[in-house]
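Visitor: Got a structure for you, written out below as structure tokens; questions coming shortly.
Just so it is clear, none of the values below were taken in a lab; they were calculated from the coordinates. Predicted model, so just to flag it, every value in this text is computed and none were measured. Please note: Cβ atoms are built from the backbone with ideal geometry, for glycine as well, and neighbour counts cover all protein chains shown.
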């Protein structure tokens, strides 16, 4: 039995007997994405981005300059949060 099927079987027996492998995958994906969003929010708060936007909109390059971060990485962070 492959590991995914085995884990799905174990999970099904511990929890809801009607749960399928797809349900398990969906639950795992939801946990992973939730963690990524929480980490993005943490970084945003740590950098104080909301405070730096009180005077109006700024580009990721402007924010990167005042936070001493990489402009493209900050752009990706902002896009990830906008999608959430």
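Visitor: Using 7 Å Cα-to-Cβ label points, what is the residue 39/residue 66 separation (nm, one decimal)?
Guide: For residue 39 paired with residue 66, the spin-label model returns 2.7 nm.
Visitor: Starting from the Kirkwood radius over alpha-carbon pairs of segment 28-84, derive D by Stokes-Einstein at 10 °C in a medium of 1.306 mPa s and give it in µm² s⁻¹.
Guide: 134
Visitor: Testing the spin-label approximation: label points 7 Å from Cα along Cα→Cβ at residue 31 and residue 82. State their distance in nm.
Guide: So the label points at residue 31 and residue 82 sit 3.2 nm apart.
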